[in-house]
Amino acid sequence: MGQRIRQRRKELGLTGEDVVTRMEALRRAATEAHPYFGANGLKRAGLSMLEAGKNGTTTHNLHLIAAALHTTADYLLGIDAPPPHVPVDSNAFVVRDFDVAYRKFVPVRARATFAETFDDQRHEELPEFPVVLFNGETIPEHALVVEVNGDSMEPTLRTGWKVLIEPINQADWLYARPGILAVLYRAHFVIKRVRRNTLRETKTLLLESDNPDGGSETVLGDDLRMLWRVRRVVDAPIDLH
């Protein structure tokens, strides 16, 4: 990633200071509508460490870097093809490729209370978390952002990461496709992998860990209170190694 950032910066004839200045211009332009972008900046030294592969960054800063370089985060991560040509003197400091929506956030410290009060739908006291939306993406109004806790889902999900979860309609539980789910059962709220949905056959659901040491648990269908599908990570440090 660092190599692509440096290569793209040089293609545009920009110095590291130019990139940081553009990022700040982008952040100021977005702050009024989306205050989150004013929260965490990137200094010139931080950009140098990033380009050298000696440091990581957040997903939000990565998208600001991409916008400052008139490209995409997927290109910087090596996923996309080369970016379109942009004139060196372009000064279009407009955040065009992403927007932000706010959804209720369940931090680790609030999990127990969330599980106890979920049926009462008392979520007003939960804080809100900004979710960056890409290319016209939309998310359900009742989606949540949840902080991952523990190492049971490593290496797929790591403790402290924040993931977007979307509710699965109860009428669809019997037919929900396998994947990583957030599961509320009895007084427990967990994020686990479901490799096969057996609710129709056995009226149970096997919740498994990606970490071999994390174990598994079989939950009775009658004990299920809510299911969500984990859609994607919305905030996490990007490990360069």
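Overview of results
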read-out	value
Residue exposure sequence - GLU201, GLU208 - by fewest surrounding Cβ within 10 Å	GLU201, GLU208
Partners for LYS10 among lysines (Cα-Cα distance below 20 Å; same-chain residues under 8 apart left out)	LYS43, LYS54
Ranking of ILE139, ILE5 by count of other Cβ atoms within 10 Å, fewest first	ILE139, ILE5
Neighbourhood net charge (9 Å Cβ-Cβ; Lys/Arg +1, Asp/Glu -1) for VAL148	+1
Region 99-235 - share of DSSP beta bridges that are antiparallel (%, nearest 5)	95 percent
Cβ crowding within 10 Å averaged over residues, with 155-164, 172-181 ranked highest first	155-164, 172-181
Label-reachable residues, region 159-196, where backbone N falls under 16 Å from a point 7 Å from ASN211's Cα toward its Cβ	159-162, 190-193
Cβ-based exposure ranking for THR15, THR138, THR198, THR71, in which fewest neighbours within 10 Å come first	THR138, THR15, THR198, THR71
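Coordinate-derived values only; no laboratory data. Keep in mind that this is a model prediction, so the values were computed, not measured. In this analysis, Cβ positions are derived from the backbone assuming ideal geometry, glycine residues included, and neighbour counts consider all displayed protein chains.
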